[in-house]
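The values are calculated or read from the model by the stated rules, or taken from the named source; none is laboratory data. None of the values given here were measured: they were computed from a predicted structure. Here the Cβ is made from the backbone with ideal geometry for all residues, glycine too, and neighbour counts use every protein chain on show.
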Amino acid sequence: MAHMRYVIFAEIAEKEGFPNVARLFKAISYAERVHAENHYNRLGELDVDAKVVAGAPFGPGSTSKNLELAIRGEEFEVNEMYPAYIEVAKLQGERAAELSFKWAYEAEKIHAELYRQAKEHVDRGEDWPLDGYVWICPVCGHTHVGPTPPEKCPVCGTDGKRYRKF
């Protein structure tokens, strides 16, 4: 769900004249897709009904409102959702799920902070100043901002050359 919300939010930011904020939404949308794929792949042969908790309000609006919704969603994941998921995975001995949740948890902390920074600028009528690119690890979703990706992902150890550039 976050993946699609951020795709929509990116389109709105583009229309409102915030191309760097749009790029941030697109990049983090990709990171959220990486998390979703990781979680989905860890489900394996699970054959039961499951409910999904978004923890974020819906209803896109202005770029400022959308950043606020994104911050709230990321903070929910960092403060409530992933810590609980990690503990349940530990209790159930689901090492692969635990790792997937830990990777997402680390990325979500970065996402919340980047969205906070972007919102400060948007609320002043400015685009988010982006020095370089937003880089996303295709394995764990780690997010890095700068002219080049990190040499190695600090979360999962993936070679920085594999990062996707936005």
Considering only segment 137-152, I want to know if a residue exists there that is surrounded by fewer than 15 Cβ atoms within 10 Å (Cβ to Cβ) and in contact with a Pro (Cβ under 9 Å, 6 or more places away or on another chain).
no
Quick one: in segment 153-165, which of the residues that are surrounded by fewer than 22 Cβ atoms within 10 Å (Cβ to Cβ) and of a type outside the set (Lys, Arg) is nearest to the chain's Cα centre (by Cα)?
Val155
Please state which of the following conditions His111 fails to meet, knowing it meets all the rest: (1) under 28 Å from Leu43 (Cβ atoms); (2) within 13 Å of the chain's Cα centre (by Cα); (3) surrounded by fewer than 17 Cβ atoms within 10 Å (Cβ to Cβ); (4) not β-branched (Val, Ile, Thr).
(3)
Helices (runs of 4 or more DSSP H) (entirely within segment 39-152) containing at least 3 residues that are closer than 17 Å to Val21 by Cα and modelled with pLDDT of 95 or more
63-76, 95-122
Scan segment 11-29 residue by residue and report those that are crowded, with 16+ Cβ neighbours inside 10 Å and not in a helix (DSSP H, G or I).
Glu16, Phe18
Note on segment 114-136: residues within 14 Å of the chain's Cα centre (by Cα), buried (at least 17 other Cβ atoms within 10 Å of the Cβ) and of a type outside the set (A, V, I, L, M, F, W, C) are Tyr115
